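The values are calculated or read from the model by the stated rules, or taken from the named source; none is laboratory data. Keep in mind it's a predicted model, so treat the numbers as computed, not measured. Here the Cβ positions follow ideal geometry from the backbone for every residue, glycine too, while neighbour counts run over all protein chains shown.
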Amino acid sequence: MERRVDLVIDPLRRETVTVSLPLGFRRSVESTREELGLAPSVDLSDPIVAKAVALAGVARRRNPSVRFAVFGGTAHRLTCPVSNDPTLGLRHELHDMDLAVLLKEVRDFQKFLLSAQDEGGSELTFFETSGDRIYNSLSGGQRLRWHMVVSEQDSEVVLGTLDIVADAFQFCHRFDIRSDVEHASANGWTLSPARLLLAKGQYIQRIPKEDSALVAERVLEPFGKRQVVIGPEAKDVRDILALVHDHALGEGPGEISARGLSEVLSNDWGLWKTFGLNLEMIARSSILRHLPPGPREQISGQIRTLRELVGALTPKRRLALFGGPWWQEVDTTPSVDMTATVR
């Protein structure tokens, strides 16, 4: 029997949120997966993947439909069969869900999140903490942070993070995603493969040279005399490898658009530089080397083609970038699960 309980999410501030337990969906998530046209390989045993599918199902049934696109690791689960396969080595644990919306629809989307559980069930419980509200008030609506109930264990409930961006992907680099959001419902509810690849391949961070041995495989190149720049962490490398394994480079449905990549990279020297360095890093990664021969050769061929495409571009470098970072410094604190106690 369903019961309403208060979750203590911040004992010091005595902050609570009311949720319904046990967690459940009002409609079979397997039938929703089929309704959305998603592949049977999408593993619904993962609670975050199941929530993404159910949320898309609720959005699709609304009139008018709610528009959003999934990106990040959850999107790779939705669009890449090998990301769901526990045997190949490209699957990794999910801790959060990343969504893209249109800036003009941010307020409506937040209302949708609050009401999703009414139609979709308590598995779709989303809320803002007091910290989220402060963070969101400072973002101008372009990047929001919410939380969600992931699972329940005895007297505790595991919470996860919901990161929302509007109009543009903007972390180390920025690029427009409005068209992908507008057409997401017809394309598997994710950003396009090209935008997913750019989102994973845009990461860069500088660290002291003496720390480079700790992340030797991620080192891209020296930066000045005392620093080096590093690329994505292992989970993101796995997502990139899965994407290029399951999506050919081309202009057809479900393919990684060479034209789309070129349009973005040709107009942004900094992103072009970072993306090229990260492709080099991925091509020599131990994760790729340790894959079985067939997948390894297929992926290696795709990466060679991508590197040739990137190398053929000649974006104009802005004078302001000479000698300094060509990327935006971002908070690199990873998203982690947290637990809330049932009161």
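For region 198-228, a residue qualifies if it is touching an Asp or Glu at 6+ places or on another chain (Cβ under 9 Å) and in a helix (DSSP H, G or I), and the qualifying residues are Ala199, Lys200, Gly201, Val215, Arg218. Exactly one residue among Val42, Val58, Val49 is touching a Gly at 6+ places or on another chain (Cβ under 9 Å), surrounded by 14 or more Cβ atoms within 10 Å (Cβ to Cβ) and at pLDDT 95 or above, and that residue is Val58. Inspect region 18-36 for any residue being over 26 Å from Val237 (Cα atoms), assigned by TED's automatic domain parsing to the domain that holds Ala116, among the hydroxyl-bearing types (Ser, Thr, Tyr) and assigned to a strand (DSSP E or B) and give the result as yes or no. Taking every residue of region 18-36 in turn, at least one turns out to be over 26 Å from Val237 (Cα atoms), assigned by TED's automatic domain parsing to the domain that holds Ala116, among the hydroxyl-bearing types (Ser, Thr, Tyr) and assigned to a strand (DSSP E or B). Among residues of region 136-149 that are in contact (Cβ under 8 Å) with a residue 12 or more places away in the chain, those with a Cβ under 7 angstrom from a residue that is part of a helix (DSSP H, G or I) and crowded, with 18+ Cβ neighbours inside 10 Å, sequence gap 6+ or separate chain, pair up as Gly141/Val106; Leu144/Asn136; Arg145/Asn136; Trp146/Leu113; Met148/Lys51. All of Leu88, Leu99 fail the test of being assigned to a loop (DSSP other than H, G, I, E, B) and closer than 27 Å to Ala248 by Cα, apart from Leu88.
Taking Arg174, is it basic (Lys, Arg), assigned by TED's automatic domain parsing to the domain that holds Arg304 and farther than 21 Å from Ser41 by Cβ? Spelling it out, it is not the case that Arg174 is basic (Lys, Arg), assigned by TED's automatic domain parsing to the domain that holds Arg304 and farther than 21 Å from Ser41 by Cβ.
Is there a residue being touching a residue at least 40 places away in the same chain (Cβ under 8 Å), buried (at least 16 other Cβ atoms within 10 Å of the Cβ), outside any helix (DSSP H, G or I) and touching a strand residue (DSSP E or B) at 6+ places or on another chain (Cβ under 6 Å) anywhere in region 105-119? No, region 105-119 contains no residue that is touching a residue at least 40 places away in the same chain (Cβ under 8 Å), buried (at least 16 other Cβ atoms within 10 Å of the Cβ), outside any helix (DSSP H, G or I) and touching a strand residue (DSSP E or B) at 6+ places or on another chain (Cβ under 6 Å). Does Ser130 satisfy the condition of being surrounded by fewer than 17 Cβ atoms within 10 Å (Cβ to Cβ), hydroxyl-bearing (Ser, Thr, Tyr), without any contact (Cβ under 8 Å) to a residue 40 or more places away in the chain and out of contact with any Gly (no Cβ under 6 Å at 6 or more places or on another chain)? For Ser130, the condition - surrounded by fewer than 17 Cβ atoms within 10 Å (Cβ to Cβ), hydroxyl-bearing (Ser, Thr, Tyr), without any contact (Cβ under 8 Å) to a residue 40 or more places away in the chain and out of contact with any Gly (no Cβ under 6 Å at 6 or more places or on another chain) - is not met. Suppose the filter is within 21 Å of the chain's Cα centre (by Cα), part of a strand (DSSP E or B), of a type outside the set (Ser, Thr, Tyr) and at pLDDT 95 or above; does Val70 pass it? Yes: the conditions hold for Val70. Here the helices (runs of 4 or more DSSP H) wholly within region 229-310 that include at least 2 residues being under 14 Å from Gly201 (Cβ atoms) are 234-246, 258-266, 269-283.
Could you tell me whether region 84-92 includes any residue that is over 18 Å from the mean Cα position of the chain (by Cα), buried (at least 21 other Cβ atoms within 10 Å of the Cβ) and of a type in the set (Val, Ile, Thr)? No, region 84-92 contains no residue that is over 18 Å from the mean Cα position of the chain (by Cα), buried (at least 21 other Cβ atoms within 10 Å of the Cβ) and of a type in the set (Val, Ile, Thr).
Of the residues that sit in region 142-170 and are modelled with pLDDT under 95 and outside any strand (DSSP E or B), which one is surrounded by the fewest Cβ atoms within 10 Å (Cβ to Cβ)? Among them, the one singled out is Asp154. State whether one or more residues within region 44-65 are part of a helix (DSSP H, G or I), under 27 Å from Pro253 (Cα atoms), of a type in the set (D, E, K, R) and free of Cβ contacts under 8 Å to residues at least 40 places away in the same chain. No, region 44-65 has no match at all. What do you reckon, is Val101 within 20 Å of Arg77 (Cα to Cα) and touching a Pro at 6+ places or on another chain (Cβ under 7 Å)? In short, no. When Thr74 is tested against (1) surrounded by fewer than 21 Cβ atoms within 10 Å (Cβ to Cβ); (2) in contact (Cβ under 8 Å) with a residue 24 or more places away in the chain; (3) among the β-branched types (Val, Ile, Thr), just one condition goes unmet, and that condition is (1).
The set of residues from region 214-269 being surrounded by 21 or more Cβ atoms within 10 Å (Cβ to Cβ) and small (Gly, Ala, Ser) comprises Gly231, Ala242.
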